[in-house]
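Enquirer: Got a structure for you, written out below as structure tokens; questions coming shortly.
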Amino acid sequence: QVQLVESGGDLVQPGGSLRLSCAASGSIVGISVMGWYRQAPGKQRELVATISNSGAPNYADSVKGRLTISRDNSKNTVYLQMNSVKPEDTAVYYCYLYWRWREYWGQGTQVTVSS
């Protein structure tokens, strides 16, 4: 059974930076997509960014140029570097994995952008 464990959520001031990490347990072999979604209070969960095992990224328009996704396949880990954060980035961030025709989700990590 694959498990995803997120870390890095915190309180950060507007304009600041933060890095989220998510490690998948087990050996993820073959084609997979890892990424991040987020859910703000009272809103639906939305895509932030995904990345294939070949390294091709995909971003939501609202985060392009500010957030950067990357992954280390040797560690089954995906990262989200958040720069120039805004109050509207406040949300619970969920790690995502699509592998062997199944979806896996982490439990979420809280990011709060506030002065």
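Enquirer: Looking at the range 10-35, which of its residues are of a type in the set (Gly, Ala, Ser) and open to solvent by 30 Å² or more (accessible area, probe 1.4 Å)?
Expert: In the first step, residues of the range 10-35 are kept if they are of a type in the set (Gly, Ala, Ser); the result is 15-17, 21, 23-27, 30, 32, 35.
Matches in the range 10-35: Gly15, Ser17, Ala23, Ser25, Gly26, Ser27, Gly30.
For (1) closer than 16 Å to Val92 by Cβ; (2) polar (S, T, N, Q); (3) without any contact (Cβ under 8 Å) to a residue 60 or more places away in the chain, each residue gets a yes or a no:
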residue	(1), (2), (3)
Gly9	yes, no, no
Ser17	no, yes, no
Val29	no, no, yes
Thr50	no, yes, yes
Ala56	no, no, yes
Ile69	no, no, yes
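Enquirer: Right, something else. Could you look through the range 68-91, keep only residues that are among the polar types (S, T, N, Q) and outside any strand (DSSP E or B), and pick out the one that is surrounded by the most Cβ atoms within 10 Å (Cβ to Cβ)?
Expert: Taking the candidates together, the pick is Asn76.
Enquirer: Go over the candidates Ser27, Ser115 one by one and state the one that is farther than 18 Å from Val5 by Cα and over 14 Å from the mean Cα position of the chain (by Cα).
Expert: That would be Ser115, the only listed residue that is farther than 18 Å from Val5 by Cα and over 14 Å from the mean Cα position of the chain (by Cα).
Enquirer: Next question, about the same structure. Looking at this structure, is Ser27 hydroxyl-bearing (Ser, Thr, Tyr) and farther than 19 Å from Glu103 by Cβ?
Expert: Taking the combined requirement at face value, the residue does not satisfy it.
Enquirer: Filter the range 37-53 for residues that are under 16 Å from Arg71 (Cα atoms), touching a Gly at 6+ places or on another chain (Cβ under 9 Å) and assigned to a strand (DSSP E or B) and give the result.
Expert: In the first step, residues of the range 37-53 are kept if they are under 16 Å from Arg71 (Cα atoms); the result is 37, 48-53.
Restricting the remaining residues to those that are touching a Gly at 6+ places or on another chain (Cβ under 9 Å) gives 48-51, 53.
Result: Val48, Ala49, Thr50, Ile51.
Enquirer: Also: Considering only residues that are among the hydrophobic types (A, V, I, L, M, F, W, C) and touching a residue at least 24 places away in the same chain (Cβ under 8 Å), look in the range 36-48 and name the one that is most open to solvent (accessible area, probe 1.4 Å).
Expert: Among those that are among the hydrophobic types (A, V, I, L, M, F, W, C) and touching a residue at least 24 places away in the same chain (Cβ under 8 Å), it is Ala40.
Enquirer: Going through the range 97-115 one residue at a time, which ones are surrounded by fewer than 18 Cβ atoms within 10 Å (Cβ to Cβ), within 29 Å of Ser84 (Cα to Cα) and hydrophobic (A, V, I, L, M, F, W, C)?
Expert: Trp105 - this is the single residue of the range 97-115 that is surrounded by fewer than 18 Cβ atoms within 10 Å (Cβ to Cβ), within 29 Å of Ser84 (Cα to Cα) and hydrophobic (A, V, I, L, M, F, W, C).
Enquirer: Does Gly65 qualify as being open to solvent by 30 Å² or more (accessible area, probe 1.4 Å), small (Gly, Ala, Ser) and under 27 Å from Gly30 (Cβ atoms)?
Expert: no
Enquirer: A further question follows. Please determine whether any residue of the range 5-20 is of a type in the set (S, T, N, Q), modelled with pLDDT of 95 or more, in a strand (DSSP E or B) and farther than 19 Å from Val113 by Cα.
Expert: Within the range 5-20, none of the residues are of a type in the set (S, T, N, Q), modelled with pLDDT of 95 or more, in a strand (DSSP E or B) and farther than 19 Å from Val113 by Cα.
The values are calculated or read from the model by the stated rules, or taken from the named source; none is laboratory data. Since the structure is predicted, the reported quantities are computational estimates derived from the model, not experimental observations. For neighbour counting, all protein chains shown are included, and Cβ atoms are generated from backbone atoms with ideal geometry for every residue, glycine included. The area values use the complete protein model at the heavy-atom level, side chains included, leaving out ligands, DNA and RNA. Shrake-Rupley method; radii C 1.70, N 1.55, O 1.52, S 1.80 Å.
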